[in-house]
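Notes for the one structure printed next.
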Amino acid sequence: MSALAAGIGHVLLVIGGLLARHLLASAALIAAYCLRVLISPHKRCGRCKGTRVARHLLTRRLRRCGRCKGYGKHQRLGARALHRLRWHVTSEIAALRERRSAAREEEQA
């Protein structure tokens, strides 16, 4: 029975190690994507390929791209949320600095 328990324990350790590696790899990929979104929040439109015009399916006539509205770019997934979070954090840091400097001025006065 102890050999079976040792075998099961070894299998659980291997599975746990694989799971930990997969979680680390997933966390690294998510962090890399978040960095990519913060650096470059827009990507090229998939329909017009950034040219801002697309052909109509039936008439083949060129017209302004309906997907990107002629802008040529799309926001990446999560770009708006990450940038709002960034602006919220930076504004909170600025407010904290203001409060600290006001408190220092009161102490000196």
What's the extension gain from residue 51 to residue 28 if we count 0.36 nm per residue and subtract their Cα-Cα distance?
5.0 nm
In sequence order, what are the phi-derived ³J(HN,Hα) couplings for segment 104-109 according to the Karplus relation 6.51 cos²θ - 1.76 cosθ + 1.60 with θ = phi - 60°, rounded to whole Hz, with x for glycine and proline?
5, 5, 5, 5, 6, 7
Cα-based shape type of the chain, given that a ≥ b ≥ c are square roots of the gyration tensor eigenvalues and the cut on a/c is 1.5
oblate
Give me the net charge of residue 94's neighbourhood, meaning all other residues with Cβ under 13 Å from the Cβ of residue 94; Lys, Arg count +1, Asp, Glu -1.
+2
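Every number in this text was worked out from the coordinates using simple rules, so none of it is lab data. Everything numeric in this text was worked out from a predicted model, so none of it was measured. Every residue, glycine among them, receives a Cβ derived from its backbone with ideal geometry; neighbour counts consider all protein chains shown.
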